[in-house]
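Here the structure is laid out as structure tokens; the discussion comes afterwards.
The values are calculated or read from the model by the stated rules, or taken from the named source; none is laboratory data. Small disclaimer: the values here were computed from a predicted structure and weren't measured. Virtual Cβ from ideal backbone geometry, glycine too; neighbours counted across all protein chains shown. Side chains included, ligands, DNA and RNA excluded: accessible areas come from the protein's heavy atoms. Shrake-Rupley method; radii C 1.70, N 1.55, O 1.52, S 1.80 Å.
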Amino acid sequence: MVPRKVGCAGVGSAGVGTAWEVAAPAKLNLYLEVLGKRADGFHELETLLVPVRIYDQLSWFPSSDSECSLTVLRQHSTRESLSPLPHNQNDNLVLKAARLLAAKAGVAAQGHFQLVKRIPLEAGLGGGSSDAAATLLLANAAWRAGLTIPELAELAAELGSDVPYFLNGRPAVCRGRGERIEPLSGLPRLHFVVVKPDCGLSTPRVFAELGEQEFPSTARAEKSAYQLQKLIGALNLGAIAAACGWMTNRLEAAAMRLAPEILRVKAALAKAGCWGQFMTGSGSTLVGIARSANQARRIARQLSAQNLGTVFAAASGW
């Protein structure tokens, strides 16, 4: 996630200046375990994240406005046209991130942000968190704020559990709330079929649905570390089919109770020939592992005709 300059006319009466843009990728949780509830109200997690080539696009333009502003546009996967997406100017993560950085760096929060949303909402794909991290990087560059990555990471942790991960965006094991990040190297490129059902799920609602019996004991927490090690080992060997056997998501059962159609999508992915099928994040998106890019595209076309929701074929990486 590297911001780049694009020379163009600014938004507003100020006219001319240098604009900036950056792509904000989605993520998939190949593994997610909930290790318990913390004293601060958050949950202790252990998860394996990989970036996936589904992107939002964030741009910044100079303007004469005294405060920064934001336009959000939605682009659907099936067409190029854009439509306005309503948002709260006081509660949007892009503006929160921009104002937080400005306060930390002692610079003016200025100019106009434009966010083109391609990552589905309430999907477990980390779109909002990725947008927030992109804003920190973009504003830091455009405003010449000069903050270091560790300083940006501190701000990211204030904005949300997944936000620090997206500052680097490489495959990583994340622990704690998600802020303790262990980057991984050597993982193979994976090909996915990604299905977002028409229903959406909010993260707090899914965590609230978790029963106490779904929190692992100490012995199960130790087992989680073992399972994660086996998953990473299989991936490093390129044994993708074997790795699928270790992919799991503790939140999946809770999400299915709230949205039973998730089970239908998972069954459709299995029937279509995906090696593994699992929910990402807090849902409602389901993911299937394909053997190749061609197979992923073929299955995506097949499932698109079944009215299961929004369907993508995508690969891991940038």
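Overview of values
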quantity	calculated
Some residue of the stretch 228-247 being on the phi < 0 side of the Ramachandran plot, in contact with a strand residue (DSSP E or B) (Cβ under 9 Å, 6 or more places away or on another chain) and among the basic types (K, R)	no
Residue list for the stretch 275-288, filter: in contact with a Lys or Arg (Cβ under 9 Å, 6 or more places away or on another chain) and either of a type in the set (G, A, S) or open to solvent by 10 Å² or more (accessible area, probe 1.4 Å) (or both)	W275, Q277, G281, S282, S284, G288
Which listed residue, of L269, L258, is at pLDDT 95 or above, out of contact with any strand residue (DSSP E or B) (no Cβ under 9 Å at 6 or more places or on another chain), of a type outside the set (S, T, Y) and within 30 Å of A134 (Cβ to Cβ)	L258
Residue match in the stretch 289-302 (condition: open to solvent by 20 Å² or more (accessible area, probe 1.4 Å), in contact with a helix residue (DSSP H, G or I) (Cβ under 7 Å, 6 or more places away or on another chain) and free of Cβ contacts under 8 Å to residues at least 24 places away in the same chain)	no
Which numbered condition A23 fails, given (1) at pLDDT 90 or above; (2) surrounded by fewer than 21 Cβ atoms within 10 Å (Cβ to Cβ); (3) farther than 27 Å from A139 by Cβ; (4) of a type in the set (A, V, I, L, M, F, W, C)	(3)
Residue identified as more than 26 Å from G186 (Cβ to Cβ) and hydroxyl-bearing (S, T, Y) among S292, S284	S284
Test: V265 is over 20 Å from L231 (Cβ atoms) and β-branched (V, I, T)	yes
L258 aliphatic (A, V, I, L, M), out of contact with any Gly (no Cβ under 7 Å at 6 or more places or on another chain), open to solvent by less than 20 Å² (accessible area, probe 1.4 Å) and within 29 Å of E44 (Cα to Cα)	no
Residue satisfying all of: in the stretch 265-274; in a helix (DSSP H, G or I) and touching a residue at least 60 places away in the same chain (Cβ under 8 Å); surrounded by the fewest Cβ atoms within 10 Å (Cβ to Cβ) among these	A268
